[in-house]
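Asks: If you scroll down you'll find the structure; I have some questions about it.
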Amino acid sequence: MSTYTAINLIARPEPGPISSELFEVTQQEIPSAGPGQILVKQTHMSLDPAMIGWMSPDKESYIPPVALGEVMRSSGVGEVVESNHPDFAVGDMVRGMIGWTEYLVSSGEGLNKVQAGVDAETVLSVFALPGLTATQGLYGFGKPKEGETIVVSGAAGSVGSIVGQLAKADGLNVIGVAGDDEKCDWIVNELGFDGAINYKTDAIADKLAELAPQGVDIYFENTGGPIQNHVFELMNAHGRIVVCGMIADYGSAVPSPGPNWIPIIKKRLSIQGFAMPDHFGDVPELLRKLTPYVMSGKIKYRTHILEGLESSIDGLNLFFTGGNKGKLIVKL
Ligand SMILES: NC(=O)c1ccc[n+]([C@@H]2O[C@H](COP(=O)([O-])OP(=O)(O)OC[C@H]3O[C@@H](n4cnc5c(N)ncnc54)[C@H](OP(=O)(O)O)[C@@H]3O)[C@@H](O)[C@H]2O)c1
């Protein structure tokens with residue numbers, strides 16, 4: 001009998017690091033595809049900060065929590081190894097919400113074929129959530145114009161690094177915020193950002209004033225934390241704040257206080273939070289926007305690969321320590 005590993009969520013996270021006690025690692029017999037079904041062997045699984053939210057009991061979020069006892073939710077890429085489905089052949093590579101499992105039997109619903117010639121790491125790092133989120137947030141809400149100044153927090157991360165490169169390609173002054181010098185060096189010297197701020201060691205206000213002498217037109221917020229109030233104070237009239245993520249608060253018992261709203265009136269700021277599930281219907285249009293930048297070599301990325309399904313559990317903590325250098329992917 002051949003078995004495979006799957007990991008179920010069995011408890012809700014508390015503030016602080018993610019522990020293995022939240023999960024149950026199971027071994028099961030590898031199933032067969034039934035009539036109209038396919039059997040998918042997952043090869044690459046995406047880890048995302050959003051998983052912390054999916055594990056929490058909050059029913060008012062944009063997506064229901066993962067039920068206790070169920071396989072943990074995640075997106076990934078896999079190979080069709082059995083098919084009784086007319087639209088899928090053995091050997092097809094597919095992407096979709098596969099979960100923390102080595103194998104999945106599926107009707108095919110929610111799975112899309114990976115375009116030939118695009119490898120799994122590029123799919124998960126660029127054409128899946130990171131690139132789609134960057135494109136939706138920047139163009140849908142940031143409305144960038146040549147010559148403007150944008151500040152991106154989480155700038156060396158999967159979403160932030162793409163936001164900054166898109167903005168740079170469109171002729172903006174791009175300032176990235178990251179948590180160590182290696183990341184700051186990477187976004188400036190490899191990705192072409194105009195400047196970087198290490199929020200842990202730099203004098204944030206001074207550095208921001210030096211890099212954004214004309215003020216800030218767009219703030220693409222991926223993290224929250226100490227940078228937030230400094231950027232808020234420098235926003236120009238009619239500036240746009242795109243609230244994509246607040247990872248500094250995901251593991252904290254008490255959320256940090258937000259800025260006062262008076263400047264929102266005085267400066268006529270637009271502040272827009274968004275969550276990608278609202279925009280999944282727009283994916284073809286988002287890919288039409290993003291793909292030319294990728295094809296013309298304007299979007300670089302790097303991956304941080306973990307080996308084996310069980311590495312996902314501790315891997316989630318890398319998002320909070322900043323230990324991930326690039327898109328976090330589990331190779332199965
Ligand atoms: N709205 C949506 O639909 C959507 C979709 C995708 C992602 N997101 C959000 O976008 C953000 C980035 O996601 P990602 O996948 O690209 O992750 P990522 O940036 O690749 O990884 C998370 C990074 O956050 C930084 N960080 C952790 N704790 C921090 C803190 N206290 N203060 C400041 N920075 C901190 C760390 O980098 P440093 O070393 O630089 O600290 C860490 O590497 C997350 O908040 C995520 O939830 C939202």
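Asks: Taking region 265-301 as the region of interest, how many residues are within 24 Å of D217 (Cβ to Cβ), out of contact with any strand residue (DSSP E or B) (no Cβ under 9 Å at 6 or more places or on another chain) and among the hydrophobic types (A, V, I, L, M, F, W, C)?
Replies: Number of matching residues: 6.
Asks: For region 105-128, enumerate the residues that are more than 16 Å from the ligand (Cβ to nearest atom) and either at pLDDT below 95 or open to solvent by 20 Å² or more (accessible area, probe 1.4 Å) (or both).
Replies: Passing the criteria: V105, S107, E109, G110, N112, K113, V114, Q115, A116, G117, V118, D119.
Asks: Identify all residues within region 162-212 that are under 22 Å from N324 (Cα atoms), among the small types (G, A, S) and open to solvent by less than 10 Å² (accessible area, probe 1.4 Å); write none if there are none.
Replies: Once the filter is applied, which keeps residues that are under 22 Å from N324 (Cα atoms), among the small types (G, A, S) and open to solvent by less than 10 Å² (accessible area, probe 1.4 Å), region 162-212 yields G164, G176, A178, G195.
Asks: Give the residue, chosen from G131, G99, that is modelled with pLDDT of 95 or more and in contact with a strand residue (DSSP E or B) (Cβ under 8 Å, 6 or more places away or on another chain).
Replies: So the residue among G131, G99 that is modelled with pLDDT of 95 or more and in contact with a strand residue (DSSP E or B) (Cβ under 8 Å, 6 or more places away or on another chain) is G99.
Asks: Sticking with this one: Give the residue that is least open to solvent (accessible area, probe 1.4 Å), with candidates limited to residues of region 281-332 that are among the aliphatic types (A, V, I, L, M), closer than 17 Å to G131 by Cα and away from the ligand (no atom under 16 Å from the Cβ).
Replies: Top of the filtered list is V294.
Asks: Taking the stated definitions as given, is I262 farther than 20 Å from T149 by Cβ, surrounded by fewer than 19 Cβ atoms within 10 Å (Cβ to Cβ), touching a strand residue (DSSP E or B) at 6+ places or on another chain (Cβ under 9 Å) and of a type in the set (A, V, I, L, M)?
Replies: Numbers: farther than 20 Å from T149 by Cβ: yes; surrounded by fewer than 19 Cβ atoms within 10 Å (Cβ to Cβ): yes; touching a strand residue (DSSP E or B) at 6+ places or on another chain (Cβ under 9 Å): no; of a type in the set (A, V, I, L, M): yes.
When the stated conditions are applied, I262 does not pass them.
Asks: Residue check: is A134 in a loop (DSSP other than H, G, I, E, B), within 11 Å of the ligand (Cβ to nearest atom), buried (at least 24 other Cβ atoms within 10 Å of the Cβ) and of a type in the set (G, A, S)? Can you show your working first?
Replies: Values: in a loop (DSSP other than H, G, I, E, B): no; within 11 Å of the ligand (Cβ to nearest atom): yes; buried (at least 24 other Cβ atoms within 10 Å of the Cβ): yes; of a type in the set (G, A, S): yes.
No: the conditions fail for A134.
Asks: Please work out which residue is farthest from the ligand (Cβ to nearest atom), limiting yourself to region 267-280 and to residues that are touching a residue at least 12 places away in the same chain (Cβ under 8 Å) and open to solvent by 70 Å² or more (accessible area, probe 1.4 Å).
Replies: R268
Asks: Kindly provide the set of residues from region 281-313 that are over 29 Å from Y4 (Cβ atoms), of a type in the set (A, V, I, L, M, F, W, C) and touching a residue at least 40 places away in the same chain (Cβ under 8 Å), ordered by number.
Replies: Going through region 281-313, the residues over 29 Å from Y4 (Cβ atoms) turn out to be 281-302.
Checking which are of a type in the set (A, V, I, L, M, F, W, C) leaves us with 283, 286-287, 290, 294-295, 299.
Selection gives V283, L286, L287, L290, V294, I299.
Asks: Then there's this: Residue pairs, Cβ under 6 Å, 6 or more apart or interchain, first in region 314-332 and farther than 12 Å from S46 by Cα, second within 7 Å of the ligand (Cβ to nearest atom) and of a type in the set (S, T, N, Q). List them.
Replies: Listed by first residue and then by second, the contacts come to L318/N324.
Asks: Looking at region 297-311, which of its residues are outside any helix (DSSP H, G or I) and of a type in the set (G, A, S)?
Replies: Matches in region 297-311: G297, G308.
Asks: Please go through region 224-246 and give me each residue that is within 14 Å of G273 (Cβ to Cβ) and either near the ligand (Cβ under 7 Å from one of its atoms) or open to solvent by 60 Å² or more (accessible area, probe 1.4 Å) (or both), ordered by number.
Replies: Listed by number, the residues that qualify are G224, C244, G245, M246.
Asks: Looking at region 149-176, I want the residues that are within 8 Å of the ligand (Cβ to nearest atom) and have a partner that is of a type in the set (D, E, K, R) and open to solvent by 10 Å² or more (accessible area, probe 1.4 Å) with Cβ atoms under 6 Å, at least 6 apart or on another chain. Which pairs are those?
Replies: A156/K183
Asks: Filtering region 137-161 down to residues that are touching a Phe, Trp or Tyr at 6+ places or on another chain (Cβ under 8 Å) and outside any helix (DSSP H, G or I), which residue is surrounded by the most Cβ atoms within 10 Å (Cβ to Cβ)?
Replies: V152
Asks: Contact list please: Cβ distance under 7 Å, first residue in region 59-70 and over 22 Å from V25 (Cα atoms) and within 16 Å of the ligand (Cβ to nearest atom), second residue of a type in the set (A, V, I, L, M) and open to solvent by less than 40 Å² (accessible area, probe 1.4 Å), pairs at least six apart or on different chains.
Replies: Y62/A275
The values are calculated or read from the model by the stated rules, or taken from the named source; none is laboratory data. Since we're looking at a predicted model, the values are computed, not measured. Backbone-built Cβ (ideal geometry, glycine too); neighbour counts: all protein chains shown. Please note that ligands, DNA and RNA were not included when accessible areas were found on the heavy atoms of the full protein model with its side chains. Shrake-Rupley method; radii C 1.70, N 1.55, O 1.52, S 1.80 Å.
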